[in-house]
């Protein structure tokens with residue numbers, strides 16, 4: 001597929017592709033996933049490229065239940081299977097994928113989890129002006145114990161979703177249009193006496209106008225709306241509509257740098273009229289810099305609404321994250337990650353400060369095999385001391401492909 005044309009679609013479609021999952025992405029509390037940056041070689045089986053790989057890890061978690069008063073330390077084993085199948089042509093790209101994240105704790109079996117994600121994606125360049133991207137996936141995940149609500153065990157859920165984006169306008173055109181839509185249904189499967197109140201449907205719609213400022217720079221004007229519909233009558237008072245109006249700039253100037261910056265306003269209005277609506281400043285940043293062909297720096301962040309599962313009417317999340325991946329000589333690779341977030345709860349006097357730091361060093365023993373060591377440090381400081389915790393994770397990893 002023509003990369004310059006496709007890049008215009010991808011930059012604008014990122015919000016639609018992630019929209020159904022933003023409620024999780026914007027407030028990722030206490031979860032564990034490997035710090036990894038690997039692009040293993042695929043197996044060609046025309047017209048497909050099949051890429052299977054497996055990650056294994058063994059280590060220790062200093063605070064499995066995210067407790068401030070009685071932390072439980074445990075060794076754990078994590079299995080991370082992955083598979084992608086891609087068929088690509090000059091004007092199209094189709095893919096299906098699967099990834100799993102399974103963990104077993106030696107001293108806290110109730111915190112074991114089997115997270116899985118399977119999906120499919122289609123990208124098409126129909127003409128020099130019209131491009132589309134559609135994606136559907138199914139996620140089986142969990143909320144770690146005490147991450148959002150104080151409880152005795154993790155809470156597991158399932159969420160199917162579908163998203164799509166349409167881009168109209170040639171890369172050299174003065175103006176271009178993008179339309180995006182997404183929908184998801186989140187349903188909890190455990191502790192139903194309480195979690196039934198948090199089942200909800202999410203719908204997203206947005207439109208964007210891009211005005212060409214330079215060879216690969218555009219001014220962006222975007223309108224977006226999100227609809228939250230809870231499924232149990234006891235939670236109908238939480239049904240709400242969020243709107244966002246933003247302007248900004250996007251660029252893909254060279255092979256070294258690309259990204260977008262958007263600023264504007266956001267509002268949240270509840271159907272019931274009992275809960276006061278929210279308003280505020282909204283911003284979103286997504287940037288990538290490749291100073292060297294073997295070194296990548298990515299930065300992302302924003303200020304947005306998200307739903308609450310414990311107290312308050314809603315949460316305003318301000319989050320920022322950065323990652324640096326570098327391939328050194330002799331098969332040595334490093335990955336560094338950092339994230340910082342502030343969760344401000346509406347309707348109650350609670351503010352959470354979250355900081356996560358991760359580091360990994362890997363050594364490629366073969367083209368298809370590498371080992372490494374990984375460190376993660378997680379902190380949450382809350383005005384409600386029950387939600388404050390610190391956590392250290394140390395893992396020894398092994399990753400293999402065919």
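Here are the numbers for this structure:
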| item | result |
| --- | --- |
| Residues being over 30 Å from residue 71 (Cα atoms) and at pLDDT below 95 - total across the stretch 129-172 | 3 |
| Given (1) assigned to a loop (DSSP other than H, G, I, E, B); (2) out of contact with any helix residue (DSSP H, G or I) (no Cβ under 8 Å at 6 or more places or on another chain); (3) free of Cβ contacts under 8 Å to residues at least 60 places away in the same chain; (4) closer than 30 Å to residue 384 by Cα, number of the condition residue 158 does not satisfy | (1) |
| Which listed residue is under 23 Å from residue 249 (Cβ atoms), within 21 Å of the chain's Cα centre (by Cα) and either in a strand (DSSP E or B) or in contact (Cβ under 8 Å) with a residue 60 or more places away in the chain (or both), from 147, 184, 224, 219 | 224 |
| Qualifying residue in the stretch 164-179 (condition: farther than 20 Å from residue 260 by Cα, in contact (Cβ under 8 Å) with a residue 12 or more places away in the chain and in a strand (DSSP E or B)) | no |
| Residue list for the stretch 347-365, restricted to those being more than 17 Å from the chain's Cα centre (by Cα) and surrounded by fewer than 18 Cβ atoms within 10 Å (Cβ to Cβ) | 347, 348, 349, 351, 353, 359, 361, 363, 364, 365 |
| Cβ pairs under 9 Å, 6+ apart, first in the stretch 231-246 and on the phi > 0 side of the Ramachandran plot and surrounded by fewer than 16 Cβ atoms within 10 Å (Cβ to Cβ), second modelled with pLDDT of 95 or more and not in a strand (DSSP E or B) | none |
| Of all residues in the stretch 106-144 being part of a loop (DSSP other than H, G, I, E, B) and without any contact (Cβ under 8 Å) to a residue 60 or more places away in the chain, the one that is farthest from residue 385 (Cα to Cα) | 127 |
| Filter pass, residue 260 being surrounded by 18 or more Cβ atoms within 10 Å (Cβ to Cβ), touching a helix residue (DSSP H, G or I) at 6+ places or on another chain (Cβ under 7 Å) and closer than 30 Å to residue 327 by Cβ | yes |
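The values are calculated or read from the model by the stated rules, or taken from the named source; none is laboratory data. If you're wondering where the values come from, they're calculated on a predicted model, not measured in any experiment. Cβ coordinates were reconstructed from backbone atoms using ideal geometry, including for glycine residues, and neighbour counts include every protein chain displayed.
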